[in-house]
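Taken together, the values in this text are just the output of simple stated rules run on the coordinates, not laboratory data. Owing to the predicted nature of the structure, the values given are computational and were not obtained by experimental measurement. Reconstructed Cβ throughout: ideal geometry from the backbone, glycine too, with neighbour counts over all protein chains shown.
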Amino acid sequence: MVNVQLYGVARLQAGVSSFTSEAKTLKELRGMLPNITKKEAEDLVVLVNGSGVKKSYKFKDGDTVVFLSPAGGG
């Protein structure tokens, strides 16, 4: 099981700040984000246990996955 945390606009869009999942891969988890399409999820910054990972990353039990909206400015 992995712990998922959402921040920024992703948190507002999802309507939750965190949840747990049985997803085995990052690709699978991106499709499970509430109220966020897979296409939108592809644009989010992802950290696993505080580090960036490749799209092919396979989760280990107890991993903490953080989804962040990309920074914007202007």
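Using the rule -39500 (n - 2.57) for each DSSP H run of four or more residues, divided by the residues of the chain, the 222 nm mean residue ellipticity is -4500 deg cm²/dmol. Taking 0.36 nm per residue of sequence separation and removing the Cα-Cα distance, the T37/S51 pair yields an extension gain of 2.7 nm.
For the chain, the share of DSSP beta bridges that are antiparallel, to the nearest 5, is 70%.
The local environment of A23, defined by Cβ-Cβ distances under 15 Å, has a net charge of +3 under the rule Lys, Arg +1 and Asp, Glu -1.
Placing +1 on the Cβ of every Lys and Arg and -1 on the Cβ of every Asp and Glu, with no other charges, gives segment 2-68 a dipole of roughly 200 debye about its Cα centre.
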